[in-house]
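Below: the structure, in structure tokens.
The values are calculated or read from the model by the stated rules, or taken from the named source; none is laboratory data. The model shown is predicted, which means the values in this text are computed figures rather than measured ones. Heads up, the Cβs are rebuilt from the backbone with ideal geometry, glycines too, and the neighbour counts pull from every protein chain shown.
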Amino acid sequence: MKFSDPPKSQRWIAAVAAALVASAISSMYVLAVRGRFDANVVAPAAGLVLAIGFLFGSRKPGMRHFLWFSLVSLVLGVALYPLKLGWNALPWLFVGLGAPFIVAGVCRFRAYVRNVPIQGGEES
């Protein structure tokens, strides 16, 4: 099976979205270092930025599980805020997102193995 290349407009949209995410995170960092931004807001802000990215990714066919990732990133960001971890909340945000990624990967792999026949038939 060969997938066709995405249209040029889709590639530009993805590039602009990635640039916006990178500039948002770097702006938060610079403002926090200068004392103009409360570092405790990093977890909800990063959760929101990741949620928007997952919503963007969920538009593609077969990627509807990204809607759940979006919800999980928002919930984790809000849940980490009361702990006042500052920049140390980001690793916990990513660890918390790792568990749903693993579960989704295992489920998708199981579905793939069940639906795709083994090449070569019953010889093994």
- Query: Does Val95 satisfy the condition of being of a type outside the set (D, E, K, R) and exposed (fewer than 10 other Cβ atoms within 10 Å of the Cβ)?
  - Reply: no
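What do you reckon, is Arg64 loosely packed, with under 15 Cβ neighbours inside 10 Å, free of Cβ contacts under 8 Å to residues at least 12 places away in the same chain and more than 17 Å from Val21 (Cβ to Cβ)?
Values: loosely packed, with under 15 Cβ neighbours inside 10 Å: yes; free of Cβ contacts under 8 Å to residues at least 12 places away in the same chain: yes; more than 17 Å from Val21 (Cβ to Cβ): yes.
Yes, satisfied.
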- Task: Among what's in the range 15-51 and is surrounded by fewer than 14 Cβ atoms within 10 Å (Cβ to Cβ), modelled with pLDDT of 80 or more and of a type in the set (Gly, Ala, Ser), pick the residue that is farthest from Val78 (Cα to Cα).
- Result: Ala15
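Within the range 68-78, count every residue that is surrounded by 14 or more Cβ atoms within 10 Å (Cβ to Cβ) and more than 14 Å from Ala45 (Cβ to Cβ). Reasoning before the result, please.
Taking the range 68-78 first, the residues surrounded by 14 or more Cβ atoms within 10 Å (Cβ to Cβ) are 68-74, 76-77.
If we keep only those that are more than 14 Å from Ala45 (Cβ to Cβ) too, we end up with 68-72.
Looking only at that region, the number is 5.
Only one of Arg11, Arg59 is of a type in the set (D, E, K, R) and part of a helix (DSSP H, G or I). Can you tell me which?
Values: Arg59 fails: part of a helix (DSSP H, G or I).
Only one candidate qualifies: Arg11.
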- Of (1) touching a helix residue (DSSP H, G or I) at 6+ places or on another chain (Cβ under 7 Å); (2) more than 25 Å from Ile13 (Cβ to Cβ); (3) surrounded by fewer than 17 Cβ atoms within 10 Å (Cβ to Cβ), Ser58 satisfies every one except (2)
- Message: If I filter the range 51-65 for residues that are over 29 Å from Arg108 (Cβ atoms) and either in contact with a Leu (Cβ under 7 Å, 6 or more places away or on another chain) or aromatic (Phe, Trp, Tyr) (or both), do I get at least one hit?
- Response: no
- Message: Within the range 30-49, take every residue that is free of Cβ contacts under 8 Å to residues at least 12 places away in the same chain and not β-branched (Val, Ile, Thr) and give me the one that is nearest to Gly86 (Cα to Cα).
- Response: Asp38
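Only one of these is in a helix (DSSP H, G or I) and in contact with a helix residue (DSSP H, G or I) (Cβ under 8 Å, 6 or more places away or on another chain): Ala19, Ala24. Name it.
Numbers: Ala19 fails: in contact with a helix residue (DSSP H, G or I) (Cβ under 8 Å, 6 or more places away or on another chain).
Answer to the check: Ala24.
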- Query: Within the range 99-118, restricting attention to residues that are surrounded by fewer than 10 Cβ atoms within 10 Å (Cβ to Cβ) and not hydrophobic (A, V, I, L, M, F, W, C), which residue is nearest to Ala45 (Cα to Cα)?
  - Reply: Tyr112
